[in-house]
1. Inspect all residues belonging to segment B:4-18 and state whether any of them is more than 18 Å from C:Phe184 (Cβ to Cβ), within 14 Å of chain C (Cβ to nearest Cβ) and at pLDDT below 95.
2. Restricting to segment A:280-304, count the residues that are in contact with a His (Cβ under 9 Å, 6 or more places away or on another chain) and surrounded by 22 or more Cβ atoms within 10 Å (Cβ to Cβ).
3. For the subset of segment C:158-210 comprising residues that are hydroxyl-bearing (Ser, Thr, Tyr) and part of a loop (DSSP other than H, G, I, E, B), which member is farthest from A:Phe184 (Cα to Cα)?
4. Can you tell me which residue among B:Gly220, B:Gly209, B:Gly198 is over 16 Å from the mean Cα position of the chain (by Cα) and touching a residue at least 40 places away in the same chain (Cβ under 8 Å)?
5. Of the conditions (1) more than 10 Å from chain C (Cβ to nearest Cβ); (2) assigned to a loop (DSSP other than H, G, I, E, B), B:Ala303 clears all except one; give me its number.
6. Taking segment B:61-87 as the region of interest, how many residues are more than 25 Å from the chain's Cα centre (by Cα) and either within 13 Å of chain C (Cβ to nearest Cβ) or buried (at least 16 other Cβ atoms within 10 Å of the Cβ) (or both)?
7. For C:Gly198, are the conditions met, namely being closer than 22 Å to B:Cys138 by Cβ and modelled with pLDDT of 95 or more?
8. Could you grab the pairs with beta carbons closer than 8 Å, sequence gap of 6+ or different chains, first residue in segment A:9-25 and closer than 11 Å to A:Val74 by Cα, second one part of a loop (DSSP other than H, G, I, E, B) and among the β-branched types (Val, Ile, Thr)?
Amino acid sequence: MQSKTLGELATYVNGKVIGDANIIIKSASTLGRAAEGEISFLANPKYAKQLHSTRASAVIVGNQMDTSTPLLVVEDPYYAFMQILVLLHGYRTHKKVGISKRCSIADSAKVGVDCHIHDYVTISDNAKIGDRCTIYPCAYIGRDTQIGNNSVIYPNVVIYDGCKIGDRVIINANSTIGEDGFGFASHNGTHHKIPQIGIVVIENDVEVGALCGIERGTLGDTVIGEGAKLGDLVTIGHGSKIGAHCLLVAQVGIAGSTTLGHHCILGGQAGIVGHINIGSNVTIAAQAGVINNIPDGQVVVGAPAIEASVGRRAYSMIQYLPEMRQAIRQLQKKLQQIQQPEPLSPDK
Amino acid sequence: MQSKTLGELATYVNGKVIGDANIIIKSASTLGRAAEGEISFLANPKYAKQLHSTRASAVIVGNQMDTSTPLLVVEDPYYAFMQILVLLHGYRTHKKVGISKRCSIADSAKVGVDCHIHDYVTISDNAKIGDRCTIYPCAYIGRDTQIGNNSVIYPNVVIYDGCKIGDRVIINANSTIGEDGFGFASHNGTHHKIPQIGIVVIENDVEVGALCGIERGTLGDTVIGEGAKLGDLVTIGHGSKIGAHCLLVAQVGIAGSTTLGHHCILGGQAGIVGHINIGSNVTIAAQAGVINNIPDGQVVVGAPAIEASVGRRAYSMIQYLPEMRQAIRQLQKKLQQIQQPEPLSPDK
Amino acid sequence: MQSKTLGELATYVNGKVIGDANIIIKSASTLGRAAEGEISFLANPKYAKQLHSTRASAVIVGNQMDTSTPLLVVEDPYYAFMQILVLLHGYRTHKKVGISKRCSIADSAKVGVDCHIHDYVTISDNAKIGDRCTIYPCAYIGRDTQIGNNSVIYPNVVIYDGCKIGDRVIINANSTIGEDGFGFASHNGTHHKIPQIGIVVIENDVEVGALCGIERGTLGDTVIGEGAKLGDLVTIGHGSKIGAHCLLVAQVGIAGSTTLGHHCILGGQAGIVGHINIGSNVTIAAQAGVINNIPDGQVVVGAPAIEASVGRRAYSMIQYLPEMRQAIRQLQKKLQQIQQPEPLSPDK
């Protein structure tokens, strides 16, 4: 953690100071929580009123605002905030443990330069670890699996045999990569296991959350595209392909043989059936249930998932079902009265 | 496991025996499964008829009932049943292994008295473990993380750096605490990782199920309040705060920066979006999808979640949509006939 | 991996060749991906048109088809395809490591013949492992737990104390078996842990996916029936019983004390509440929410789950709610106009 003046930060993020450029910034926080010496940011107009109550010493904004708090005006406030957090705090550092004497590396495995392999790690036959990787305790790297350079494997991650992990990949604790796909041929009431001969390919710059399960393909490969980010407890079925730069929030589940284009965003607990195609730049809301192909750029909500402009209204109307049903019954009754007015009683 | 007379049990739970106080109780079971020598309980009136068929030697009840089976009358039958199970069976005991020679404890780490640290455990630099803790094999305690007294960490649990775990906390196997939050600043199509500088705080008497993922905060802390209990495969997003004594059933997912009051109950697979406030004593049904603030004491169901008195009826009416739609069409047709009666055919 | 002629494969799977029986088959793939030397299969008529574009050297079919590609005609094409994949590729083989010097086996534990126990495995007091089992690194076998013959326990699996695992069981990485059920007696605002004195029984030929959590029973046992297959991140509550040969796809959640018959199929993310009975041969669609008993053979969809013939139409009609509501309002307005025509204005 280090300190910078607001002016230095402005130079660093290519922004403009409005106010005192000499104030010292030690850390960063949200508008609501920031204290003196901290810089905050305003990316969502919804929080604009907090600009007047914040105790932050400076605020990163996209446009000049009417406030006495010093401002740092940039094109993309949230991105600048990220850059400043990296500058002031940096990312988690990894202890330089070298190759532990308490780990197990097969004779036929290869480990690159400047790697840090912790205690109780297993690296199996013919596995190949690139340069400058960190592998935390109790991780397991299967036979023939390859990991690129500068990747970090957190504790208790299990990567089965034959998988390919790229450069600068981060896999968080307790995740499992390359377990057999859920593939059985049912015959006479018994489910016979199908050999899963595909692998998992995780491309460069992917981050996988904690406790994710990514199945290997039955025949083809399961692929997580470059720059994609997976939250915690996400599961990807056998042979599915996640395009580059997709964001999959926690507890998303994607069945097998489904393809996603690039830059898709999947909200938490969303589910996608197998054997369908999702385009690029598609947004799937939290808890949505997708059972059909989706074209590029579409936004869907709900289960079953429907296009958002219709779906947001439609799902919010479920609450009116009781009154709608009652209204229909009243209409039916009234209409019947109009068509068949009650006969006069005989004694009239 | 030990035996007691029904009278001894009554004294222990502050209850009253109706029937023979000298019968011997060795164990406890449900009404349907209990055998001779076992005590059962009736907490839910729904099961009252089982009182007449049970083979239990005695039954814990809230009120005197018409039965020949000996009864133990108490104020809170289920609580008394729990107390008796604890008395007769006790909780799981943990083998006194001391500090294994096959674990790795950093020189700068501190471990309290009477701790049992199993094989293949890693305790990192400056970590601090309180007194009388048990840490099972292959658990990982990150740098600067603190654990209070009398806590139990089951096998393969991973606690990242800098987290704070209280007293009498139980964390079940394969859970992950303090992994980085899912926080990225997207800029020109690339998702840039935001340093996650908050921690996870787990207060006293919390139990975390197996395979849970609790993210550290981006700026503030993620907090699991005192006495809260989490089921299996629960995930809590970065910076969220779970109030004291909440119950989160299996597979619940809570996104980031959301706050729950105390004594909330969340059913299995329920999901809550980020940045909202849930009051205290709120009940959220299984699979509910919560996207708005909820005031104290409310019960909600469904996705999107709506207040239960409306929601239970509303969601149960989805099945009538086909007939409702058809009814509307018929109404439209009939009304059209009334307003524009079919013209007489020209030849009439 | 080995090669066979199409004729040899036909003999092996008891099928009939139409075309050149001497062509060499080296591997197998899908119709869309197959290359020369590979055999594919057509099990779903939906893919029949791919029969004409495939580059597969032969295709397994259920009936003679009009194509120049050599065919292998069998009764159950997908099953034959599985048999051929097993013949040509086989299943994953497990390295014969014997009993590692770096694992921990309690003196009172028993390990059968021809077992392979990897580094960093813990086998606790009185545990009993059958013959020809493989236990991968960092797995934990609790006190008194029994495992049958020919079972495979993948890395970082945790099996708590006293559980019973059958023969030929496969448990994938990071799964947890036998953790305490989510059972608390709430009294005066505090949740008191109930001792969980049941166990988990996993019968023969079960496969458990990665990252599954199967709770032990509170009083009775949790049972996974013979031949059942669980996908990844599945959770089974305390005391539930899953019948033989059920298929539970990824992220399924079943609460406690629920019983499933045999041969049920549960789609991904489906949830079932506690204390209910599901018959045999029941199909529960992905993301369904089951809150009531289901009789044998029924197919249900949606949350709340309803019988599929109604449910598929009903849930797909949620999208029409906005227009239905508007139609009702228009009907109400029109009917009002009919019943109470607008009064003439006074000056007319």
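1. Looking through segment B:4-18, none of the residues is more than 18 Å from C:Phe184 (Cβ to Cβ), within 14 Å of chain C (Cβ to nearest Cβ) and at pLDDT below 95.
2. Of the residues in that region, 1 qualify.
3. It comes out as C:Tyr160.
4. Being over 16 Å from the mean Cα position of the chain (by Cα) and touching a residue at least 40 places away in the same chain (Cβ under 8 Å) holds for just one of B:Gly220, B:Gly209, B:Gly198, which is B:Gly198.
5. All conditions are met except number (1).
6. Of the residues in that region, 9 qualify.
7. The answer is no for C:Gly198.
8. As it stands, the answer is A:Val13/A:Val74; A:Asn14/A:Val74; A:Gly15/A:Val74; A:Lys16/A:Val74, since those pairs meet every condition given.
The values are calculated or read from the model by the stated rules, or taken from the named source; none is laboratory data. In this text, all values refer to a predicted model and were calculated from it rather than measured experimentally. All Cβ positions, glycine included, derive from the backbone under ideal geometry; neighbour counts span all protein chains shown.
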